[in-house]
Amino acid sequence: MARTPTVQLELGYTAPNFQLLDVVSNELLSYSDVKGKHGTVVMFICNHCPFVVHVMDELVRIGDDYKSQGIGFVAISSNDVANYPDDSPEKMKALAMSKEFPFPYLYDEIQNMAKAYFAACTPDFSVFDYEDKCVYRGQLDDSRPGNSEPNNGKNLREVLKALVNGNDVPANQKPSIGCNIKWKVGNEPNY
């Protein structure tokens, strides 16, 4: 598995809007449909990546813990399903239902949203404040498949707690690491 880091960008940019299919409800959802009063987490994940599988239960816990506190969540899968059929919309729906995702799971078939959010890996996190400005592009925590660090969402939880309490988000942001997004041939980004 290729260890790919989050693309580091200057923070403060506005969340790109999207209109993507929620594989569970079969409805098109936009950024405004998922945004929260205090902030919004946009995460790029997939079904098969060992880095995502490793943190999946913690992602669900964080969603459960912070949704009621005014944080919006959305998970997006942008992988090429022709070459990675475990990431197909049908299997995305099955996973979302079996894990009881407290957030929508959207399918980015043409991979435009992965590019718009500069997503490079799974999991890849972008957190936006109440004004939809990016305040965080970092890791969930230090846990990775095969290491002994606790899988507790420490870094992301710290950011969400700051947003809920109206405090500054920590400036020290360590990039997420995961499998690279599985781009369709000829569709690879330039970042």
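Values as computed for the structure displayed
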quantity	calculated
Tabulated pairs, the range 168-191, first outside any loop (DSSP other than H, G, I, E, B), second among the small types (Gly, Ala, Ser) and modelled with pLDDT under 95, C-beta under 8 angstrom, 6+ apart or interchain	Cys179/Ala2; Asn180/Ala2
Residue count, the range 117-139 (criterion: of a type in the set (Lys, Arg) and buried (at least 16 other Cβ atoms within 10 Å of the Cβ))	1
1 or more residues acidic (Asp, Glu): qualifying helices (runs of 4 or more DSSP H) within the range 42-135	50-67, 89-98
Scope the range 113-137; condition in contact (Cβ under 8 Å) with a residue 24 or more places away in the chain, more than 22 Å from Val60 (Cβ to Cβ) and of a type outside the set (Gly, Ala, Ser); matching residues	Lys115, Phe118, Asp129, Tyr130, Asp132, Lys133, Cys134, Val135
Some residue of the range 77-87 being closer than 20 Å to Cys179 by Cβ, free of Cβ contacts under 8 Å to residues at least 60 places away in the same chain and surrounded by 22 or more Cβ atoms within 10 Å (Cβ to Cβ)	yes
Of all residues making up the range 164-191, the number that are closer than 16 Å to Tyr84 by Cβ, surrounded by 12 or more Cβ atoms within 10 Å (Cβ to Cβ) and hydrophobic (A, V, I, L, M, F, W, C)	3
Among residues of the range 94-153, those that are of a type in the set (A, V, I, L, M) and within 21 Å of Gln19 (Cα to Cα), counted	9
In the range 106-129, the residues that are of a type outside the set (Gly, Ala, Ser), out of contact with any Phe, Trp or Tyr (no Cβ under 7 Å at 6 or more places or on another chain) and farther than 9 Å from Val42 by Cβ	Leu106, Tyr107, Asp108, Glu109, Ile110, Asn112, Lys115, Cys121, Asp129
Residue count for the range 1-41, restricted to those that are over 12 Å from Tyr105 (Cβ atoms), in a loop (DSSP other than H, G, I, E, B), at pLDDT 95 or above and touching a helix residue (DSSP H, G or I) at 6+ places or on another chain (Cβ under 8 Å)	6
Extreme residue, surrounded by the most Cβ atoms within 10 Å (Cβ to Cβ), among residues of the range 140-163 that are of a type in the set (D, E, K, R) and touching an Asp or Glu at 6+ places or on another chain (Cβ under 9 Å)	Asp141
Single residue of Asn151, Asn155 found to be farther than 19 Å from Tyr31 by Cβ and assigned to a loop (DSSP other than H, G, I, E, B)	Asn151
Tally of residues being free of Cβ contacts under 8 Å to residues at least 24 places away in the same chain and in a helix (DSSP H, G or I) across the range 158-167	4
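Residue-wise test of (1) surrounded by 15 or more Cβ atoms within 10 Å (Cβ to Cβ); (2) among the acidic types (Asp, Glu).
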| residue | (1), (2) |
| --- | --- |
| Arg3 | no, no |
| Gln19 | no, no |
| Val23 | yes, no |
| Glu27 | no, yes |
| Tyr31 | yes, no |
| Lys37 | no, no |
| Val41 | yes, no |
| Cys46 | yes, no |
| Val60 | yes, no |
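The values are calculated or read from the model by the stated rules, or taken from the named source; none is laboratory data. The model shown is predicted, which means the values in this text are computed figures rather than measured ones. Please note: Cβ atoms are built from the backbone with ideal geometry, for glycine as well, and neighbour counts cover all protein chains shown.
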